[in-house]
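Trainee: Structure in C-alpha cells, see below.
The values are calculated or read from the model by the stated rules, or taken from the named source; none is laboratory data. Just so we're clear, the structure is a prediction, and the values are computed from it rather than from any experiment. With ideal geometry, Cβ positions are generated from the backbone for all residues, glycine too; neighbour counts draw on all protein chains shown. Just so you know, the surface numbers come from the protein's heavy atoms only, side chains and all, with ligands and any DNA or RNA stripped out. Shrake-Rupley method; radii C 1.70, N 1.55, O 1.52, S 1.80 Å.
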Amino acid sequence: MAYETIIVEIEDHVALIKLNRPDALNALNDQLMSELATALGEAQQNDKVRCIVLTGSEKAFAAGADIKMMSEKSFVDVFTEDLFTPDSEAITRIRKPIIAAVSGYALGGGCELAMMCDFIICSDTAKFGQPEINLGVIAGLGGTQRLTRFVGKSKAMDMNLTGRFMDAEEAERSGLVSRVVPAKKLMEEAMNAAQKVAEKSMITVMAAKEAVNRSYETTLREGLLFERRVFHSLFATEDQKEGMAAFTEKRQAQFRDK
Ligand code: HXC
C-alpha cells in the first residue's frame with residue numbers, strides 16, 4: 001500500500017517503518033496514526049516479517065500530536081472522534097515484536113508512541129517529555145500511565161507536571177530505554193537487535209512478548225501462573241525440541257515456527 005506520512009521498507013525479515021512528516025517534526029495526525037496502524041497490521045500479516053523497527057528522523061522521533069490539528073477542536077469533537085484511540089489500540093495489539101529507534105525529540109504522543117513499542121533503543125541525542133501541561137491539557141496516550149510504570153511515580157509526576165525533557169542518559173538510568181548509542185550508530189544497533197529477534201522462533205517470541213505484557217495487566221501470582229502455563233505449552237512445539245537438541249549437539253538452532 002502507498003503511504004504519505006510513513007515509509008515502509010522490508011529488509012531481511014525486518015519491517016522498518018519510518019515516520020515521515022519532516023516539516024512538522026513527525027507530529028502525529030489522523031492520517032499518520034491510521035497509516036501506521038495499517039502498516040503494522042500488514043507487517044503482522046506478512047510471513048516474511050519477523051520483527052518491526054519504528055523510527056523517525058535524526059531530529060525527531062515525533063514531537064507529539066499535531067497541535068495545529070488539535071487547536072480548534074472542542075470537547076465534543078475529541079470525545080466523539082476519540083482522538084487516536086482506535087489506531088493506538090490497534091498498535092498495541094500487534095503480536096510481533098516492535099522496537100522503537102528514537103533519535104531527537106520524543107515528546108507527548110511521540111514519547112507515548114515509543115512506549116507502546118516493546119522496547120526503546122535511543123541515540124545520545126534523544127529527548128523524552130510529556131509537555132502537554134504547557135498546552136493546557138494532559139497526556140492522552142499513556143504518558144500518565146505507561147510512563148509511571150516505566151520510571152516510577154516521582155519522575156513521571158515531574159515530567160507530567162513540569163513538562164521538562166529527559167535526556168538519553170537519564171532515560172536509560174530510569175528504565176525508559178533499554179540502550180543508548182551514539183546517534184550515528186542508532187539504526188545499525190536497532191536493526192541488529194531486530195535481526196537477533198528475527199532469528200528466534202516466532203511462536204516463542206510472540207509468547208514472550210505476551211507474557212511480559214501480561215505483567216502490566218495482572219497480579220504477580222496470576223502473572224507467574226500465566227508465564228508458567230505458557231512455558232509449559234511451548235514444550236508442545238517442534239522449536240523447543242530443536243532449540244534444546246541444538247544446544248546438546250553444540251550447533252545453531254534452525255527454528256521453523258512450529
Ligand atoms: C504541530 C509541530 C509540532 C507539533 C513541532 N511542530 N512540533 N507542529 N504539532 N506537536 C512544527 C513547528 O510548528 C514547526 O513548523 C516545525 O515543526 C519545526 O518546529 P520548531 O518548533 O520550529 O523546532 P524547534 O525550535 O527545534 O523546537 C522543537 C520542539 C518544538 C522543542 C520539539 O517544536 C516543540 O515544543 N514542539 C511541540 C512539542 C509538544 O508540545 N508536544 C506535545 C503535543 S500534545 P512551522 O511550520 O510552524 O515552522 C500531545 C498529546 C498526545 O502530544 C495525546 C493525543 C491523544
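Trainee: Is there a residue in region 37-46 that is over 18 Å from residue 116 (Cβ atoms) and within 13 Å of the ligand (Cβ to nearest atom)?
Mentor: Scanning region 37-46 turns up no residue that is over 18 Å from residue 116 (Cβ atoms) and within 13 Å of the ligand (Cβ to nearest atom).
Trainee: Condition test on residue 132, is it out of contact with any Leu (no Cβ under 6 Å at 6 or more places or on another chain), more than 11 Å from the ligand (Cβ to nearest atom), open to solvent by 10 Å² or more (accessible area, probe 1.4 Å) and part of a helix (DSSP H, G or I)?
Mentor: In short, no.
Trainee: Further, regarding this structure: Scanning for something within 16 Å of the chain's Cα centre (by Cα) and either surrounded by fewer than 21 Cβ atoms within 10 Å (Cβ to Cβ) or free of Cβ contacts under 8 Å to residues at least 24 places away in the same chain (or both), does region 69-80 turn up at least one residue?
Mentor: Taking every residue of region 69-80 in turn, none turns out to be within 16 Å of the chain's Cα centre (by Cα) and either surrounded by fewer than 21 Cβ atoms within 10 Å (Cβ to Cβ) or free of Cβ contacts under 8 Å to residues at least 24 places away in the same chain (or both).
Trainee: In the set 197, 212, which member is under 30 Å from residue 255 (Cβ atoms), in a helix (DSSP H, G or I), open to solvent by 90 Å² or more (accessible area, probe 1.4 Å) and aliphatic (A, V, I, L, M)?
Mentor: 212
Trainee: Now for a different question. Residue by residue through region 82-122, note down the ones that are open to solvent by 70 Å² or more (accessible area, probe 1.4 Å) and in contact with an Asp or Glu (Cβ under 8 Å, 6 or more places away or on another chain).
Mentor: 95
Trainee: Enumerate the pairs (first residue in region 165-181 and in the same structural domain as residue 126 (by the TED database) and more than 15 Å from residue 108 (Cα to Cα); second residue anywhere and in a helix (DSSP H, G or I) and open to solvent by 70 Å² or more (accessible area, probe 1.4 Å)) with beta-carbon separation below 7 Å, excluding pairs fewer than 6 apart on the same chain, so at least 6 apart or on different chains.
Mentor: 180/169; 180/172
Trainee: Does region 108-127 contain any residue that is at positive phi, in a loop (DSSP other than H, G, I, E, B) and of a type in the set (Gly, Ala, Ser)?
Mentor: Yes: one or more hits.
Trainee: Here's another thing I want to ask about it. Six or more apart or on different chains, Cβ atoms under 6 Å: show the pairs whose first residue is in region 137-164 and in the same structural domain as residue 111 (by the TED database) and whose second is among the β-branched types (Val, Ile, Thr) and more than 12 Å from the ligand (Cβ to nearest atom).
Mentor: Listed pairs, sorted by first residue: 156/148.
Trainee: Which residue pairs have Cβ atoms under 7 Å apart, sit 6 or more places apart or on different chains, and have a first residue in region 221-233 that is open to solvent by 80 Å² or more (accessible area, probe 1.4 Å) and a second that is assigned to a helix (DSSP H, G or I)?
Mentor: As it stands, the answer is 227/211, since those pairs meet every condition given.
Trainee: Let me ask something else about it. Looking only at region 17-36, which residues are away from the ligand (no atom under 16 Å from the Cβ) and open to solvent by less than 30 Å² (accessible area, probe 1.4 Å)?
Mentor: 17, 35
Trainee: To continue, here is another question. Return the residues of region 119-148 that are under 20 Å from residue 173 (Cβ atoms), under 15 Å from the mean Cα position of the chain (by Cα) and not aliphatic (A, V, I, L, M); say none if nothing qualifies.
Mentor: Across region 119-148, the qualifying residues are 119, 122, 128, 143, 146.
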